[in-house]
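Here's the structure we're looking at; comments come further down.
The values are calculated or read from the model by the stated rules, or taken from the named source; none is laboratory data. None of the values given here were measured: they were computed from a predicted structure. Here the Cβ positions follow ideal geometry from the backbone for every residue, glycine too, while neighbour counts run over all protein chains shown.
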Amino acid sequence: MKFLIDKNYRLFGIPNIISIIIILIVSVFIAIRFSAPLSIVTNAAKSEGVTIRYTVELQRKNPDFKKNIKVGVKVKNSGGNEIGTITNVYSEPYLEDAPDYDNNIIRRSPIDGFETIYIEIEANAQVTDYTTLIGSYEVLIGKQAYISTIDFEAVGYIVGLNRGNAA
């Protein structure tokens, strides 16, 4: 046994046993922490073809821009992949923060000539606990969305997501 462990408790004279044990414990912890659970694979397989609905917000648009958006038209992303069908379009006055010096507060005030347009889109997606995918396009609240049809192209943000019965 003397030839394996020296008087300083080093294995073959290189590291000591405590170092080896610590390295093994850390390695096992990292392997357990970052390995994918089986539920990801099974949930992905069970979630094909879920109907989702998401809302894209377009800010600072001219009121005439809304006339170009038609319900029932297929929407594509910047890569040319289809990411759903428009089901509803509505608008609200565009609001910006403006200081109210008399009351020492900031108020949201409408800006004349601009609207915030909301486009509701429906699509079939793959839904898991961790992601919502339309093909390879990830639908995520807060994500910037490039959308286009034959009639318009726009850049907005996804502000609403209903993942159907996938929860």
field: Subset of the stretch 121-167 [among the acidic types (D, E), within 19 Å of S91 (Cα to Cα) and in contact (Cβ under 8 Å) with a residue 12 or more places away in the chain]
entry: E122, D151
- line: The lone condition A98 fails out of (1) touching a Ser or Thr at 6+ places or on another chain (Cβ under 6 Å); (2) of a type in the set (G, A, S); (3) closer than 17 Å to N162 by Cβ is (3)
- request: Give the stretch 105-152 a look and list any residue that's charged (D, E, K, R) and loosely packed, with under 12 Cβ neighbours inside 10 Å, or say none.
  value: R107, R108, D112, D151
message: Being touching a residue at least 12 places away in the same chain (Cβ under 8 Å) and within 23 Å of Q59 (Cβ to Cβ) is the requirement here; does Y118 meet it?
response: yes
- prompt: In the list T55, T116, T85, T51, which residue meets the criterion of being within 15 Å of the chain's Cα centre (by Cα), part of a strand (DSSP E or B) and among the hydroxyl-bearing types (S, T, Y)?
  reply: T55
- request: Would you mind stating whether K76 is surrounded by 15 or more Cβ atoms within 10 Å (Cβ to Cβ), modelled with pLDDT of 90 or more and of a type outside the set (S, T, Y)?
  value: yes
message: Checking the structure you have, find out if any residue of the stretch 52-74 is without any contact (Cβ under 8 Å) to a residue 24 or more places away in the chain, out of contact with any strand residue (DSSP E or B) (no Cβ under 6 Å at 6 or more places or on another chain) and of a type in the set (D, E, K, R).
response: yes
query: Of everything in the stretch 122-167 that's polar (S, T, N, Q) and farther than 29 Å from N62 by Cβ, which residue is farthest from the chain's Cα centre (by Cα)?
result: N165
- prompt: Restricting to the stretch 1-58, what's the tally of residues that are modelled with pLDDT of 85 or more, more than 25 Å from G142 (Cβ to Cβ) and hydroxyl-bearing (S, T, Y)?
  reply: 1
